[in-house]
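Below is one structure, written out as structure tokens; comments come after it.
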Amino acid sequence: MMKINFNRNRFMMLSLAAALTLGITACSSTGANTNTTTANTVSITSTNSADNQSNNTDSTTAVENTDNAAESTSAAENTADTGTDSSSNNAESTTNSDSTSDSDTEIFSKRDLKQSVDTSSATTITVAGGEDITITEEGIYVITGTASEVTIYVEAAEDAKVQLVLDGANITNSDSPAIYVKTADKVFVTTSSDSSLSVTGSFVADGSTKLDAVIFSKTDLTLNGTATLTINSTGNGITCKDDLKATGGTYNITASGHGLEAKDSLSVSDGTFTISAGKDGIHCVNSDNTSKGSFYSEGGTFNVTAASDGIQATTTILINGGSFTYTSEEGMEATNVTINDGTIMINASDDGINATDESTAYTIAFEMNGGSLTINMGNGDTDAIDSNGDLYINGGTVDITANSAFDFDGEGAITGGTVTVNGSTITEITNQMIGGGKGKRR
């Protein structure tokens, strides 16, 4: 394994030693104090010999940066309990770029919401074919270049925050993630210039860890930035086994599996997502702890085409804003679905919205308090809104075209808003109970 230390205090000494032993040429730079693997400071000339191979299963180039990132602020923890039960309205949007603090009471930290990054003290890494990269220290890393069979590993301390800035990075792999976060407190994937990441073959497991996504993270992950990231995958597009947040950037995801997968929660403040998925467009399911697995949105634009659900969550789907278009088998499914604002268009062949008993931690209910909801259902034994508990429309605009508009097992009522079913305005809910049923966990 070829390992390069970017410790700032030992940088020049190491560069000379590395030039003698590993075929690394040191060049001077009169620009900003920036660590880089490009010709600005250090140029890697790969020896590609058997002597550089390690007994470790991952043959990697390890990049260590001891410089603390200027933007290393405390990121807010996202609680999976962002939804409320059907008896109360949900809190309004809790954050914006001017007022959000880094306290643990907020969903998004200031760093989550910051779309541009000061890279003057960052480490720049130019990817090269067949050379994996391992990042072990907190810091900001600019990833650039075009290569195949490259995985960027993050194996940092449990309290480390690592920011990967994709600046025209294009990686195509056959069986492994382009980005694999093993350990860290939190990782930011920030787009500064259009980039693309792809996996074209079958994923190979990492021991007992089933790898299944182009970006695979075991820790908290934030997606932000100002450019476009294109992802193509034979599995999932992005998988996060903790809390996933999206606050900016444009994402074009084509995946045979789920488009976005978050085990504990997915929270969105902004961003544009075009997703084509062979399973769920957005998948927030925690089968190990059914008190987690939630989706929250206060903004963003989603255009999702999925073979299964547009969004599936274990606990709650809470929409305080955003624009959503789903063409899928089911539009949205969770234990508790609450819409306070936003614009939602669902074209579904099964239930449009399904509130079902995935979690005992929340009341089974659908509640509409504001926003605009349009549901167009296919023919057959289908329901536009199906709740295995209560169904309340308290405000907003609902426009349904379906054979069966409503199916609920508890209480159902319209207390406000405008509701149109098949072209006619209604003021009372008729429980047709001809379709739907319990949700399906996948």
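Every number here is computed from the coordinates shown, using simple stated rules; none is lab data. Since the model is a prediction, treat every value here as computed from it, not as a measurement.
Rg/Rh for the stretch 149-300: what does it come to with C-alpha atoms and Rh from Kirkwood? Before the final figure, lay out the partial values.
On the way: Rg = 13.9 Å, Rh = 15.0 Å.
Reported Rg/Rh, Kirkwood definition of Rh: 0.93.
In sequence order, what are the phi-derived ³J(HN,Hα) couplings for the stretch 300-305 according to the Karplus relation 6.51 cos²θ - 1.76 cosθ + 1.60 with θ = phi - 60°, rounded to whole Hz, with x for glycine and proline?
x, 10, 10, 10, 10, 10
Which of the residue pairs K114/K218; K186/K218; K263/K292; K114/K241 have a Cα-Cα distance greater than 18 Å in the structure shown? Could the numbers behind the result be given before it?
Values: K114/K218 23 Å; K186/K218 10 Å; K263/K292 8 Å; K114/K241 23 Å.
Listed pairs above 18 Å: K114/K218; K114/K241.
Given H placed 1.01 Å from N in the peptide plane, which residues other than close sequence neighbours of G396 have an amide H under 5 Å from its amide H?
G371, G417, T418
I need the phi-derived Karplus couplings for the stretch 170-185: 6.51 cos²θ - 1.76 cosθ + 1.60, θ = phi - 60°, integer Hz, Gly and Pro marked x.
Running phi through 6.51 cos²θ - 1.76 cosθ + 1.60 with θ = phi - 60° gives 10, 10, 10, 10, 9, 8, 9, x, 6, 10, 10, 9, 8, 9, 3, 6 Hz.
Send over the Kirkwood Rh of the stretch 330-429, from the inverse of the averaged 1/r over different Cα pairs, rounded to one decimal Å. Intermediate values should be presented prior to the final figure.
Values: mean 1/r = 0.0766 Å⁻¹.
The Cα-based Kirkwood calculation yields 13.0 Å.
Just report the Cα centroid separation between the stretch 353-373 and the stretch 403-421, whole Å.
13 Å
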